[in-house]
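Participant: If you scroll down you'll find the structure; I have some questions about it.
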Amino acid sequence: IERVVVRPNNDDFANAAESTGSGRASATNSEASGEDLEPNHAGVSNPLASIWYRWSAASSGVLTINTFGSNFDTTLAAYTGDALG
């Protein structure tokens, strides 16, 4: 039996899911991968299962991100810019 792997649409930096303003998103990094030139997120080396989001604030304020509901230790990182390197 051959296992078919379906990667998330936002598995690669170039295909980050786009969002603006406020709202909620729910996602999984199951079947996600790391990619060439990907930084060590929050000091964790060799990222193996990252997903990417591109977000623009609609106004000033506070952004809250959490990983509530995860059943494993998670790592979050925020970056600015339009390139991985």
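Participant: Per 0.36 nm of contour for each residue apart, how much would the distance between Ile65 and Tyr53 grow if the chain were fully extended, relative to their Cα-Cα spacing? The partial results should precede the final answer.
Facilitator: Details: separation 12, 0.36 × 12 = 4.32 nm, distance 1.17 nm.
Gain in length upon complete extension: 3.2 nm.
Participant: To the nearest 20 debye, what is the magnitude of the charge dipole of the chain about its Cα centre, counting +1 on the Cβ of each Lys and Arg and -1 on the Cβ of each Asp and Glu?
Facilitator: On the way: 4 positive and 10 negative charges, 69 e Å.
Result for the chain is approximately 340 debye, rounded to the nearest 20.
Participant: Run through the chain and list the chymotrypsin sites (Phe, Trp or Tyr not before Pro) located in a DSSP loop whose Cβ has at most 13 other Cβ atoms within 10 Å. Before the final figure, lay out each step's value.
Facilitator: On the way: sites: Phe13, Trp52, Tyr53, Trp55, Phe68, Phe72, Tyr79; in loops: Trp52, Phe68, Phe72, Tyr79.
Filter output for the chain: Phe68, Phe72, Tyr79.
Participant: Another question, then. With the other protein chains left in place, how much accessible area per residue, in square angstrom, belongs to the chain at a 1.4 angstrom probe? Walk me through the numbers before you get to the answer.
Facilitator: On the way: 7040 Å² over 85 residues.
Using a 1.4 Å probe on heavy atoms only, each residue of the chain averages 83 Å².
Participant: Right, here's the next one. Would you work out what percent of the accessible area of the chain, with all protein chains in place, is carbon or sulfur (probe 1.4 Å)?
Facilitator: Details: 3450 of 7040 Å².
With neighbouring chains kept in place, the figure for the chain is 49 percent.
Participant: Expressed as a fraction of 2.2 N^0.38 Å, the rule-of-thumb size for a compact globular protein of N residues, what is the C-alpha radius of gyration of segment 1-78?
Facilitator: Numbers: Rg = 13.9 Å, N = 78, 2.2 N^0.38 = 11.5 Å.
It is 1.21.
The values are calculated or read from the model by the stated rules, or taken from the named source; none is laboratory data. Small disclaimer: the values here were computed from a predicted structure and weren't measured. Note: ideal-geometry Cβ built from the backbone for every residue, glycine included; neighbour counts use all protein chains shown. Just so you know, the surface numbers come from the protein's heavy atoms only, side chains and all, with ligands and any DNA or RNA stripped out. Shrake-Rupley method; radii C 1.70, N 1.55, O 1.52, S 1.80 Å.
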